[in-house]
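K.L.:
Provided herewith is a single structure, encoded as structure tokens, for subsequent inquiry.
All of the numbers you see were taken from the coordinates with simple rules; none came from a lab. As the structure is a prediction and not an experimental result, all values here were calculated from the model. With ideal geometry, Cβ positions are generated from the backbone for all residues, glycine too; neighbour counts draw on all protein chains shown.
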């Protein structure tokens, strides 16, 4: 009976990360039976991990989303603003995303193939699969407490290894290392404790025997062409965020006739503008038109700074502040300057 029960779960997961109704966030089916990964991961651990831990993340995510402003958002959209969603959504959205990825990058009879695009990328970047294993295992062993270790496609379309605490992942704005994860290894104790007790290193040695490299390769190729990668790239541009904040908090009040914010913060706008211009541009934004817009932005911000330092009519300030705003929109991509 138990064997029959486990076979019921040997189905390909139908879960889509982009579901945007909390009623539909659900536990997708495992692509294999609980005992399929033995002896490396035992059936009891798989069953508890999947039916108890992952199910709890799904249940608690739906509960946290009910009535919130995030209840119609996709999972990726929630992760992108995780630092602002509150702990309940952050932890449970992360837990759902992370575990769904984890189940799908495990499997049997899907070994490493040096001709796979992801294998070629790994070999080109780090020399060998063994080098990747050492890096990820080191990241996992040095992750204090609970968390994950990741293989990630960065916005520059390179590969990166990083780790995260708890249920965070590289999509989240809460992390410094950003990108789309294509392989994740769970290093919470509940992922291995029944078989390996506190021997995380033994678990890490074993899990490489059940990595589904066909799925990792699919994730890699999809990530390279995923428009969401550019969204993460822009979201990780800290100088842009900093300038956007001061721009929004001065320009919009001025539109409504309140010029006190810009009179008080014009110097801050110049400083943030110079930091934006002089900082490292993300690869997708490094173009002559963007660089020109940044030069214009700083130039106009300095004009506004000069105007507010002396008696000046609001109409004149608004005219020059609008030029700062227009240049910023070119940088953000809200306006085109071809």
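K.L.:
For 218, 277, 313, what's the fewest-to-most ordering of other Cβ within 10 Å of each Cβ?
P.N.:
Ascending Cβ contact count within 10 Å gives the list 313, 218, 277.
K.L.:
Using only Cα atoms, tell me the angle between helix 260-278 and the longest principal axis of the chain; keep it within 0 to 90° and round to the nearest 10.
P.N.:
60
K.L.:
Which of 143, 178 comes first, and how do the rest follow, when ranked by fewest Cβ neighbours within 10 Å?
P.N.:
Working: 143 18, 178 22.
Ascending Cβ contact count within 10 Å gives the list 143, 178.
K.L.:
Assuming R0 = 30 Å, what is the FRET efficiency of residue 284 and residue 129, from their Cβ-Cβ distance, to the nearest 0.05?
P.N.:
Calculated transfer efficiency: 0.50.
K.L.:
Something else now. Given the rule -39500 (n - 2.57) for each run of at least 4 DSSP H residues, summed and divided by the residues of the chain, what is its mean residue ellipticity at 222 nm, to the nearest 500 deg cm²/dmol?
P.N.:
Calculated mean residue ellipticity at 222 nm is -16500 deg cm²/dmol.
K.L.:
Give the value in nm², to one decimal: projected area of the alpha carbon convex hull of segment 261-338, averaged over all directions. Can you show the working numbers first?
P.N.:
Numbers: hull surface 20.3 nm².
Taking the Cα atoms of segment 261-338, their convex hull projects to 5.1 nm² on average.
K.L.:
Still on this structure, I have one more. At 7 Å along Cα-to-Cβ for each site, give me the label-to-label distance between residue 252 and residue 291 in nm.
P.N.:
Going by the 7 Å Cα→Cβ label model, 3.3 nm.
K.L.:
Oh, and also: Using Cβ counts within 10 Å as a stand-in for footprinting exposure, how do 190, 54 rank, fewest first?
P.N.:
Starting with the residue having the fewest Cβ neighbours, the order is 190, 54.
K.L.:
If you find the alpha carbon centre of segment 253-306 and of segment 27-66, how far apart are they in angstrom?
P.N.:
A separation of 49 Å, based on Cα centres.
K.L.:
Now, a different point. Using the alpha-carbon centroid of each, what span in Å lies between segment 130-190 and segment 196-221?
P.N.:
13
K.L.:
Shifting gears a bit: Using a Förster radius of 56 Å, what is the FRET efficiency between residue 326 and residue 190 based on their Cβ-Cβ separation? Nearest 0.05, please.
P.N.:
The formula returns an efficiency of 0.60 here.
K.L.:
Please state the relative contact order of segment 201-338 as a whole percent: Cα pairs under 8 Å, 6+ residues apart?
P.N.:
Once normalised by length, the contact order is 22 percent.
K.L.:
With labels modelled as points extended 7 Å from the Cα through the Cβ direction, what inter-label distance (nm, one decimal) is found for residue 59 paired with residue 141?
P.N.:
About 3.7 nm, to one decimal.
K.L.:
Sticking with this one: Could you work out the relative contact order of the chain? I mean the mean sequence separation of Cα pairs under 8 Å and 6+ apart, divided by the number of residues, in percent.
P.N.:
With pairs under 8 Å counted, the relative contact order is 13 percent.
K.L.:
Report the rotationally averaged projected area of the chain based on its alpha-carbon convex hull, in square nanometres. Intermediate results must be reported in sequence, preceding the final value.
P.N.:
Details: hull surface 79.7 nm².
Projected area, direction-averaged: 19.9 nm².
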